[in-house]
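Worksheet for the structure shown next.
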Amino acid sequence: MLILIVFMMLAALFPMIYGTVYRVNEQLEPGRKSEWELFVIQLRKEMYHSQSWTPANDKLFYHQAGQKISIEQYQQGVRRRVNGMGHEMMLKEVESIQFYWADETLCTKVVFTNGEEEQAQFYSLLEEPL
């Protein structure tokens, strides 16, 4: 009888222990959030040094130092290319990405393969629209 009581107590605590371990593990891994933040930081930095930003659904085109840059979905990731060449992966495990204008603000929305969604807005500091 005592064994049954101990077993039931442990069984009742298992979901709580499992949830705690899962959350700690999630916080210890740099994970997708850091990758997303780096992606946004890089795009904002490039926005200040480029012009002619043109969103086209799952692609973004702009010019920087005389070169045509594209950010595009490639398989289950997002890559950066220069003049149609190269393969610099910027995000992984991406189900879809969208680039679009909302008024004079460039927006992007990403859906990751696990269903998580992230969004970012990029504002122009130039006097004229990009």
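The values are calculated or read from the model by the stated rules, or taken from the named source; none is laboratory data. Predicted model, so just to flag it, every value in this text is computed and none were measured. Neighbour counts run over all protein chains shown; Cβ positions are idealised from the backbone, glycine included.
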Condition set more than 19 Å from residue 74 (Cβ to Cβ), out of contact with any Phe, Trp or Tyr (no Cβ under 6 Å at 6 or more places or on another chain) and aliphatic (A, V, I, L, M), scope region 88-126, selection modelled with the lowest pLDDT: answer is 126
Going through region 50-81 in order, the residues found to be small (Gly, Ala, Ser) and either within 23 Å of residue 95 (Cβ to Cβ) or touching a Ser or Thr at 6+ places or on another chain (Cβ under 7 Å) (or both) are 56, 70, 77
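Residue-by-condition table, conditions (1) over 26 Å from residue 116 (Cα atoms); (2) of a type in the set (D, E, K, R):
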position	(1), (2)
54	no, no
57	no, no
61	no, no
74	no, no
79	no, yes
83	yes, no
97	no, no
100	no, no
